[in-house]
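Before any comments, here is the structure.
The values are calculated or read from the model by the stated rules, or taken from the named source; none is laboratory data. Computed from a prediction, not measured in an experiment: that's the story for all the values here. Counting neighbours? That spans all protein chains shown, and the Cβs are built from the backbone with ideal geometry, glycine included.
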């Protein structure tokens, strides 16, 4: 039996973030893999009946990374984050009965995190950080110096935390109107916001 070879990494997939629909009949989850051509991570949202009566079906078809599936209270919509245009994760919604017809709800300069539906299904709350305009300067040597006045000023996979506070935002499902930031939550752990 041959062992695993480096090229086999492109055949590996993982499943994460399972979310049961409000009626308890379906599970939405994220399938992730590494794209062989671009060598970049990719992910999509899939769904499968809890009783296993049918095969899993793909619900999202973004070109890069779709993640954090969240069912609407009535089970008709799925909210999720997606990296499609550029490298920033935006908030999308898609009708569950017509997968692939996703509608973008945000246009922010920083990633959307931890979407949570309002109980009546009319709005979605999420967190996003302030954008530091100094990060837009392409040449790092031309960026102004940063004044650091706290011990934890940078985090793995987060980058600089100074001047980049998380806020809670809300957006309307139907009209796409965005309100916020509502509260200055500081560096609130995502798990707390996402409950």
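Among the residues of the range 8-17, is any out of contact with any helix residue (DSSP H, G or I) (no Cβ under 8 Å at 6 or more places or on another chain), at pLDDT 95 or above and under 28 Å from residue 167 (Cα atoms)? Checking the range 8-17: at least one residue is out of contact with any helix residue (DSSP H, G or I) (no Cβ under 8 Å at 6 or more places or on another chain), at pLDDT 95 or above and under 28 Å from residue 167 (Cα atoms). From the residues in the range 12-35 that are surrounded by 11 or more Cβ atoms within 10 Å (Cβ to Cβ) and more than 30 Å from residue 119 (Cβ to Cβ), which one is nearest to the chain's Cα centre (by Cα)? Among those that are surrounded by 11 or more Cβ atoms within 10 Å (Cβ to Cβ) and more than 30 Å from residue 119 (Cβ to Cβ), it is 32.
Within the range 37-59, the set of residues being surrounded by 12 or more Cβ atoms within 10 Å (Cβ to Cβ) and either assigned to a loop (DSSP other than H, G, I, E, B) or free of Cβ contacts under 8 Å to residues at least 40 places away in the same chain (or both) comprises 41, 42, 43, 44, 45, 46, 48, 49, 50, 56, 59.
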